[in-house]
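The values are calculated or read from the model by the stated rules, or taken from the named source; none is laboratory data. As the structure is a prediction and not an experimental result, all values here were calculated from the model. With ideal geometry, Cβ positions are generated from the backbone for all residues, glycine too; neighbour counts draw on all protein chains shown. For the accessible areas, the whole protein counts, side chains as well, though only heavy atoms, and no ligand, DNA or RNA atoms are used. Shrake-Rupley method; radii C 1.70, N 1.55, O 1.52, S 1.80 Å.
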Amino acid sequence: MQLRVGMVGYAFMGAAHSQAWRTVNRVYDLPARARMALICGRDAGNVAEAADRLGWDAYTTDWRDLVSRDDIDVVDVCTPGDSHAEIALAALAAGKHVLCEKPLANTVEEARAMAAAAATARASGVRSMCGFNYRRVPAVAMMRRLVADGRLGVIRHVRAAYLQDWIVDPQFPLVWRLQKDRAGSGALGDIGAHIIDLTQYVTGQRITGVSAVTETFVKERPLPAGSSGLAATVDGHADGAGPATGPVTVDDAALFVARLDGGALATYEASRFATGRKNALRVEINGSLGSVVFDLERLNELEFYDATLPTAEQGFSRILVTEGDHPYMSAWWPPGHIIGYEHSFTHQMRDFIEAIATGTDPEPSFADALQVQLVLDAVVRSAELGSSWTDVEPALTAVAV
Ligand SMILES: NC(=O)c1ccc[n+]([C@@H]2O[C@H](COP(=O)([O-])OP(=O)(O)OC[C@H]3O[C@@H](n4cnc5c(N)ncnc54)[C@H](O)[C@@H]3O)[C@@H](O)[C@H]2O)c1
């Protein structure tokens, strides 16, 4: 079975996804083969160059062409959040399997429509998944296994932080990630969404309510060099700042405490102002029988504390998550031969291809991603209400299926 993939967007995530589509069938023995059939971008010259560099058979400059073609089976959405809903809804309506980058959408309303469309399309065997790739880091999947196997006992605390520092300089230009109409939110939806999904995945518990603070430390920034106005701001990380300025309309940092439905208390911190922290994602979980810690900067490792050992032997131990019986690792290298960031995307494609080929539902589903969106929405509402306690709308009632 061959799956002909069409991917929209070819910058950061486009490159990461291309690497994964290219690699996945060479590493894993799967019931279907992905073919990198078509890539889409708006500028013909740039997308032609990207197709050649990233290894795609052909290119187009209109995503509507990509989603409507009969020779495309899978649509991979790697664009900013303001186009996720439109592209994914059109692709699902055209009967394509859809992988959509996170956060699923810019608003709860869009996410709700996407989850409903995915549920309808599923009846005809069409699969959809949201790209929370950190679930696919073997050590993260191993954390989940430890929790599911009862090795941590009753979960009491979740402590999660995702910290970056790329906009500490007030002269850093107003790229799309700093505009609400393009990105939906700032650090909250970009990196906070990852730790919301990751902790819910690992613990099997869902966030039921939050109390939040958010802040925009730098409220006005230069427009990127060469742009003539907000609508023209360049994608991703700009090359430089121009003389004109515009308002930052998203949060620079978002912090919240939360309750999980299994009784745990949790704290979350997402910031782009953590000077010195480049892409620092750290999660610690404390349970009645032990604790576990994951740090993305040491992504092949877990720290595990087993409180059932004799007291004289207790202490945090380091598990090197590279054994063949660790999640995802059997197809890679011999034990001790470590992997990196990009492999999480290969694992994501592996799970998606397998689900399509075997007719099962991949996770996280659009409904799971809608639930993350509902948490983001509760955080925003709580912050607007002076941190007052705000319940997360239950995901089950959010999609009428
Ligand atoms: N999973 C992760 O860890 C992770 C990391 C970074 C970004 N993301 C998500 O991936 C998505 C893209 O982010 P990025 O960092 O790759 O952004 P980027 O700015 O690097 O790339 C965006 C791409 O989309 C293209 N694009 C924009 N609008 C388009 C349209 N209408 N039609 C066709 N192409 C269009 C741009 O030309 C560019 O190629 C976002 O949703 C973001 O949140 C996920």
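I'd like the full set of residues that are of a type in the set (S, T, Y) and part of a loop (DSSP other than H, G, I, E, B), limited to segment 343-378.
So the first thing to find is which residues in segment 343-378 are of a type in the set (S, T, Y), and the list is 344, 346, 358, 360, 365.
Within segment 343-378, T360, S365 qualify.
Looking only at segment 11-42, filter to residues that are near the ligand (Cβ under 8 Å from one of its atoms) and more than 24 Å from V137 (Cβ to Cβ); which one of those is surrounded by the fewest Cβ atoms within 10 Å (Cβ to Cβ)?
By that ranking, first place goes to R42.
Looking only at segment 244-302, count how many residues are charged (D, E, K, R), buried (at least 20 other Cβ atoms within 10 Å of the Cβ) and within 20 Å of L385 (Cα to Cα).
Let us first name the residues in segment 244-302 that are charged (D, E, K, R), namely 251-252, 259, 261, 269, 272, 277-278, 282, 284, 295, 297-298, 301.
Next, only the ones that are buried (at least 20 other Cβ atoms within 10 Å of the Cβ) stay: 251-252, 272.
Applying the additional criterion that residues be within 20 Å of L385 (Cα to Cα) yields 251-252.
Residues flagged as charged (D, E, K, R), buried (at least 20 other Cβ atoms within 10 Å of the Cβ) and within 20 Å of L385 (Cα to Cα) within segment 244-302 amount to 2.
From A94, A48, grab the single residue that is crowded, with 17+ Cβ neighbours inside 10 Å and either away from the ligand (no atom under 12 Å from the Cβ) or farther than 22 Å from Q179 by Cβ (or both). I'd like the intermediate steps shown before the answer.
Values: A48 fails: crowded, with 17+ Cβ neighbours inside 10 Å.
Just one listed residue meets the conditions, A94.
For residues that are in contact with a His (Cβ under 9 Å, 6 or more places away or on another chain) and open to solvent by 20 Å² or more (accessible area, probe 1.4 Å), scanning just segment 159-191, find the one that is nearest to the ligand (Cβ to nearest atom).
Of everything passing the filter in segment 159-191, R177 is nearest to the ligand (Cβ to nearest atom).
Working only within segment 97-124, note down all residues that are of a type in the set (D, E, K, R), out of contact with any Ser or Thr (no Cβ under 9 Å at 6 or more places or on another chain) and within 16 Å of the ligand (Cβ to nearest atom).
Initially, segment 97-124 is screened for residues of a type in the set (D, E, K, R), giving 101-102, 109-110, 112, 122.
Checking which are out of contact with any Ser or Thr (no Cβ under 9 Å at 6 or more places or on another chain) leaves us with 102, 109-110, 112.
K102, E110 - these are the residues of segment 97-124 that are of a type in the set (D, E, K, R), out of contact with any Ser or Thr (no Cβ under 9 Å at 6 or more places or on another chain) and within 16 Å of the ligand (Cβ to nearest atom).
Here is a list of conditions, (1) surrounded by fewer than 21 Cβ atoms within 10 Å (Cβ to Cβ); (2) not in a helix (DSSP H, G or I), and N106 meets all of them except one; can you say which number that is?
Tallying (1) surrounded by fewer than 21 Cβ atoms within 10 Å (Cβ to Cβ); (2) not in a helix (DSSP H, G or I), N106 fails exactly one: (1).
Could you tell me whether segment 305-312 includes any residue that is outside any loop (DSSP other than H, G, I, E, B), without any contact (Cβ under 8 Å) to a residue 12 or more places away in the chain, open to solvent by 60 Å² or more (accessible area, probe 1.4 Å) and farther than 25 Å from G209 by Cβ? Step through it out loud before you land on a result.
Residues of segment 305-312 that are outside any loop (DSSP other than H, G, I, E, B), as a first pass: 305-306, 311-312.
Still in the list and also without any contact (Cβ under 8 Å) to a residue 12 or more places away in the chain: 311-312.
Adding the requirement that they be open to solvent by 60 Å² or more (accessible area, probe 1.4 Å) leaves 311-312.
With the extra rule that they be farther than 25 Å from G209 by Cβ, the set shrinks to 311-312.
Within segment 305-312 (the criterion being outside any loop (DSSP other than H, G, I, E, B), without any contact (Cβ under 8 Å) to a residue 12 or more places away in the chain, open to solvent by 60 Å² or more (accessible area, probe 1.4 Å) and farther than 25 Å from G209 by Cβ), the answer is yes, since at least one residue qualifies.
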